[in-house]
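Since the structure comes first, as structure tokens, the remarks are kept for the end.
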Amino acid sequence: MRKGWIVAGVAAGTGLSFVTLLVVGVYIVAGNLANGVGGSGKALAKGAVPAAYQTIVQKWGNLCPAINPALLAAQLYQESGFNPNAKSPAAAEGIAQFIPGTWATHGIDGNGDGVRNVWDPEDAIPSAASYDCQLASYVKDVPGNLTENMLASYNAGSYAVIKYGGVPPYAETRNYVKTITTLEESFAAPVSRVDPSKQAAGAIYYAQKKLGTPYLWGGNGTAAEGGRFDCSGLTKAAYESVGITLPRVANDQYNAGPHPSRDELLPGDLVFFSDDLTDSRAIRHVGIYVGGGYMIDAPRTGAVIRFDPIDTPDYFGATRVTEDGAKALPTTV
């Protein structure tokens, strides 16, 4: 939901015709850029890690060659959604989800206060990085990618990685390695233009058909809800219409792919808004970019799905949704 001061923009008259042309243009844009060059670096994307943990993730994410800050951030997000008070049914504890036995062996006093506290991110995050690097040291002579072998060791144990000469042929382990390395791209700041989404045009087409539909808090567009949506319900349904399943809430949708800069936006990108521009977990609104500085969004109670400008003080950033990125997201964080 967005604050009421955001204007309706070009939701009528010639303005609507202008933006509609922009929407249609996504088909041309997607086709022209289908062979574009993508790629990402390993610096953290803007606001991807809550500000309270940014410095510590950046520091400890460079502890050894097998990890980097974006990879460490991906692991923390996968484990707890950056919740320092998380506790799983299996008794895993804290932001890095250490089970007591592993913490007793591998927990370190990261902040030097003389206490190893699994609930303190200043201990738990360094411990997660240290544990990763220790696992990497066990499999450093195994053929293949060191980071993938380290992640496989985290999931299946170093013995299995050594035995099979790389990532073992376990479906769970291979899925874990793919999940974390895919999420890594969602937490890394791109170093060059990222590839356009193949499904962008279809997602926009779906959203465009919903223009004028009244907003409903928590709405998913069901018949029982009169086909109404809230902001993230609309973006979820739009991408679901082209075969991509996004999480239900906006701040998790932010992690469904890499993050183009404002001047690299393409139609179909998800655009996000927040009162805290340092923390993706504080995102409270999302729309679908259509070009020319406008999005289709479901703004707030009392409004309808419409075109709105994106260049407002609460603009946080954007995500170029990918199939693998969406699949890698945890179902609950």
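Filtering segment 235-257 to residues that are touching a strand residue (DSSP E or B) at 6+ places or on another chain (Cβ under 7 Å) and in contact (Cβ under 8 Å) with a residue 60 or more places away in the chain leaves Gln253, Tyr254, Ala256, Gly257. Counting the residues of segment 282-324 that are closer than 22 Å to Gln54 by Cα, buried (at least 19 other Cβ atoms within 10 Å of the Cβ) and of a type outside the set (Ser, Thr, Tyr) gives 5. Number of residues in segment 48-83 that are assigned to a helix (DSSP H, G or I) and either touching a residue at least 12 places away in the same chain (Cβ under 8 Å) or touching a His at 6+ places or on another chain (Cβ under 9 Å) (or both): the value is 20. Here segment 165-201 is the region considered, the condition is being touching a helix residue (DSSP H, G or I) at 6+ places or on another chain (Cβ under 9 Å), small (Gly, Ala, Ser) and surrounded by fewer than 20 Cβ atoms within 10 Å (Cβ to Cβ), and the residue that is farthest from Asp324 (Cα to Cα) is Gly166.
Of the residues in segment 247-264, how many are under 17 Å from Phe187 (Cβ atoms) and assigned to a loop (DSSP other than H, G, I, E, B)? The total comes to 9. Restricting to segment 111-128, and then to whatever is assigned to a loop (DSSP other than H, G, I, E, B) and closer than 19 Å to Glu79 by Cα, can you tell me which residue is least open to solvent (accessible area, probe 1.4 Å)? Among those residues, the one meeting the criterion is Val118.
Residues are listed down the side, and each one gets a yes or a no for (1) buried (at least 23 other Cβ atoms within 10 Å of the Cβ); (2) modelled with pLDDT of 95 or more; (3) under 19 Å from the mean Cα position of the chain (by Cα):
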{"site": "Gly61", "(1), (2), (3)": "yes, yes, yes"}
{"site": "Gln78", "(1), (2), (3)": "no, no, yes"}
{"site": "Pro84", "(1), (2), (3)": "no, yes, yes"}
{"site": "Ser88", "(1), (2), (3)": "no, no, no"}
{"site": "Ile95", "(1), (2), (3)": "yes, yes, yes"}
{"site": "Ala104", "(1), (2), (3)": "no, yes, no"}
{"site": "Ile108", "(1), (2), (3)": "no, yes, no"}
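Residue count for segment 236-280, restricted to those that are surrounded by fewer than 19 Cβ atoms within 10 Å (Cβ to Cβ) and among the basic types (Lys, Arg): 2. Kindly establish whether Tyr131 is touching a His at 6+ places or on another chain (Cβ under 6 Å) and either crowded, with 19+ Cβ neighbours inside 10 Å or farther than 30 Å from Val290 by Cβ (or both). It is true that Tyr131 is touching a His at 6+ places or on another chain (Cβ under 6 Å) and either crowded, with 19+ Cβ neighbours inside 10 Å or farther than 30 Å from Val290 by Cβ (or both).
Quick check on segment 185-204. Is at least one of its residues more than 18 Å from Thr319 (Cβ to Cβ) and in a helix (DSSP H, G or I)? Don't jump to the end; show me each part of the working.
Quick first cut of segment 185-204, residues more than 18 Å from Thr319 (Cβ to Cβ) only: none.
Among the residues of segment 185-204, not one is more than 18 Å from Thr319 (Cβ to Cβ) and in a helix (DSSP H, G or I), which makes the answer no.
As a summary of the residue check, Gly13 satisfies the conditions (1) on the phi > 0 side of the Ramachandran plot; (2) open to solvent by 60 Å² or more (accessible area, probe 1.4 Å); (3) modelled with pLDDT under 95 except for the one numbered (2). Does segment 237-257 contain at least one residue that is farther than 20 Å from Lys327 by Cβ and in contact with a Pro (Cβ under 8 Å, 6 or more places away or on another chain)? Scanning segment 237-257 turns up no residue that is farther than 20 Å from Lys327 by Cβ and in contact with a Pro (Cβ under 8 Å, 6 or more places away or on another chain).
Among the residues making up segment 313-330, those that are part of a loop (DSSP other than H, G, I, E, B) and modelled with pLDDT under 95 are Thr322, Leu329, Pro330. Restricting the search to segment 202-224, which residues are aromatic (Phe, Trp, Tyr), closer than 18 Å to Asp269 by Cα and open to solvent by 50 Å² or more (accessible area, probe 1.4 Å)? Answer for segment 202-224, where residues must be aromatic (Phe, Trp, Tyr), closer than 18 Å to Asp269 by Cα and open to solvent by 50 Å² or more (accessible area, probe 1.4 Å): just Tyr205.
Looking only at residues of segment 134-145 that are open to solvent by 60 Å² or more (accessible area, probe 1.4 Å) and of a type outside the set (Ser, Thr, Tyr), we find that the one that is farthest from Gly165 (Cα to Cα) is Gln134. Sub-7 Å Cβ pairs linking a first residue in segment 279-290 that is charged (D, E, K, R) to a second residue that is surrounded by 24 or more Cβ atoms within 10 Å (Cβ to Cβ), at least 6 apart or interchain, are Arg284/Ala250; Arg284/Phe273, ordered by first then second residue.
The values are calculated or read from the model by the stated rules, or taken from the named source; none is laboratory data. If you're wondering where the values come from, they're calculated on a predicted model, not measured in any experiment. Don't worry about glycine lacking a Cβ; one is built from the backbone with ideal geometry, like all the others, and counts go over all protein chains shown. SASA here: full protein model, heavy atoms, side chains in, ligands and nucleic acids out. Shrake-Rupley method; radii C 1.70, N 1.55, O 1.52, S 1.80 Å.
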